[in-house]
Amino acid sequence: MTDQNPTGPDPADPDAERRTTAITNDGFVFDVLDDGPIDGEPIVLLHGFPERATSWRLVAPLLHEEGYRTLALDQRGYSPGARPRRRRDYQLPTLAGDVVALIDQAIGAEGSAHVVGHDWGAAAAWTVAGLHPDRVRTLTAVSVPHPRAFLRAGRHSTQLLRSWYMLAFQLPVLPELVIGRSGSDRGLRSFGMTDADITRFRTEILEDGALPTALNWYRALPLSDPRGGPGQITVPTTMLWSDRDTAIDRWGAEHSGRWVDADFRFVELAGVSHWIPTQAAQACAQAVLDRVRG
């Protein structure tokens, strides 16, 4: 998978003219990394906070080797051409609409894809599968459970304590100031980020000016009605979670199957932090392959 290339198709790619490097939705332009066999089964990859489509750069080539095409979307708040300032523009059904627009424009109006999401990308993936099941062949959620399982986990586990930062992110301006300081690296490491992860964050998020709108994913939460999100999921689903995740408790991930009326697999990785796609790419790719083949 190549690094972000907003300038257009790679001229060395024989399928460059057939690639989808950008899509439009809701008046915004979203960057897309389209790689792998152009006629392979499509897998949509959705990143989380605070990362971009390049977070899949180690996973995607492993999927390409098995004949799959990947479409990694720079999501709302991250793509330079898709950074609305209003919180209400970041509610989950709206974020799911961006993914449907990607499938429409890269695959076809009647097309469907395997959908994989990490962190907030997993929340978006659950929502796409719940609200638009005809567009989703299979679902692989990485780290973050079904939204209703996540809420229920607050009563059954340490999830509320682990989610303290979600409340802190509701404050105006202060989170941007604190996270933007070089001293915040220590806090990022406490969540399991490596030096390479932090360097990419500072380049792709801070220096590119994406942090304020990326935080809108959190700031839209008070505007969201949990009943308006995904209900029962009817597509085959894998929930991939890691036991050193300091942000997400095991309970919600393990019990997400309660909201899946299809084949469900809970896969636990030992000794891995929250950042599964960059720190356990082989295991992540294998979980995706096991699901899409199944």
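The values are calculated or read from the model by the stated rules, or taken from the named source; none is laboratory data. If you're wondering where the values come from, they're calculated on a predicted model, not measured in any experiment. All Cβ positions, even for glycine, are placed from backbone atoms using ideal geometry, and neighbour counts span all protein chains on display.
Total residues in the stretch 57-92 satisfying the condition of being outside any loop (DSSP other than H, G, I, E, B), farther than 13 Å from ALA125 by Cα and not aromatic (Phe, Trp, Tyr): the figure is 11. Look at the stretch 261-275: where a residue is in a loop (DSSP other than H, G, I, E, B) and surrounded by fewer than 16 Cβ atoms within 10 Å (Cβ to Cβ) and a partner is aliphatic (A, V, I, L, M) and modelled with pLDDT of 95 or more, sitting 6+ places away or on another chain with Cβ atoms under 7 Å, you get ASP261/ILE233; ALA262/ILE233; ALA262/VAL235.
Across the stretch 109-129, the qualifying residues are those that are under 12 Å from LEU139 (Cβ atoms) and either of a type in the set (Val, Ile, Thr) or modelled with pLDDT under 95 (or both), and the one among them that is surrounded by the fewest Cβ atoms within 10 Å (Cβ to Cβ) is THR127.
Would you mind stating whether THR140 is crowded, with 18+ Cβ neighbours inside 10 Å, touching a Leu at 6+ places or on another chain (Cβ under 6 Å), hydroxyl-bearing (Ser, Thr, Tyr) and modelled with pLDDT of 95 or more? It is false that THR140 is crowded, with 18+ Cβ neighbours inside 10 Å, touching a Leu at 6+ places or on another chain (Cβ under 6 Å), hydroxyl-bearing (Ser, Thr, Tyr) and modelled with pLDDT of 95 or more.
LEU95 meets the conditions (1) more than 23 Å from ARG202 (Cα to Cα); (2) in a loop (DSSP other than H, G, I, E, B); (3) of a type in the set (A, V, I, L, M, F, W, C) in every case but one. The failed one is (2). Can we say GLY257 is at pLDDT 95 or above and closer than 21 Å to GLY187 by Cα? Judged against the criteria, GLY257 is not a match.
Checking the stated criteria, ASP195 turns out to be acidic (Asp, Glu) and more than 28 Å from PRO147 (Cβ to Cβ).
Scanning the stretch 177-199 for residues that are over 13 Å from PHE49 (Cβ atoms) and modelled with pLDDT of 90 or more gives LEU177, VAL178, ARG189, SER190, GLY192, THR194, ASP195, ALA196, ILE198, THR199. Reported count of residues in the stretch 65-74, each being farther than 13 Å from ALA22 by Cβ, in contact (Cβ under 8 Å) with a residue 40 or more places away in the chain and either surrounded by 21 or more Cβ atoms within 10 Å (Cβ to Cβ) or β-branched (Val, Ile, Thr) (or both), is 2. Residues in the stretch 227-254 that are of a type in the set (S, T, N, Q) and either within 30 Å of SER190 (Cα to Cα) or buried (at least 20 other Cβ atoms within 10 Å of the Cβ) (or both): THR237, THR238, SER242, THR246. Taking the criterion of being touching a residue at least 12 places away in the same chain (Cβ under 8 Å) and assigned to a loop (DSSP other than H, G, I, E, B), would at least one residue in the stretch 114-123 satisfy it? Yes.
Looking across THR140, THR127, THR70, one residue alone is touching a strand residue (DSSP E or B) at 6+ places or on another chain (Cβ under 7 Å), among the β-branched types (Val, Ile, Thr) and under 15 Å from SER256 (Cβ atoms). It is THR140. Has the stretch 78-100 got at least one residue that is touching a residue at least 60 places away in the same chain (Cβ under 8 Å), surrounded by 24 or more Cβ atoms within 10 Å (Cβ to Cβ) and among the charged types (D, E, K, R)? Checking the stretch 78-100: not a single residue is touching a residue at least 60 places away in the same chain (Cβ under 8 Å), surrounded by 24 or more Cβ atoms within 10 Å (Cβ to Cβ) and among the charged types (D, E, K, R).
To keep it simple, each residue is scored yes or no on (1) of a type outside the set (A, V, I, L, M); (2) touching a residue at least 12 places away in the same chain (Cβ under 8 Å); (3) more than 24 Å from ARG244 (Cβ to Cβ).
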| position | (1), (2), (3) |
| --- | --- |
| LEU171 | no, no, yes |
| GLY180 | yes, yes, yes |
| GLY187 | yes, no, no |
| ARG202 | yes, no, no |
| LEU215 | no, yes, yes |
| TYR218 | yes, yes, no |
| LEU221 | no, yes, yes |
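Among the residues of the stretch 238-276, those identified as among the β-branched types (Val, Ile, Thr) and in contact with a strand residue (DSSP E or B) (Cβ under 9 Å, 6 or more places away or on another chain) are THR238, ILE248, VAL260, VAL267, VAL272, ILE276.
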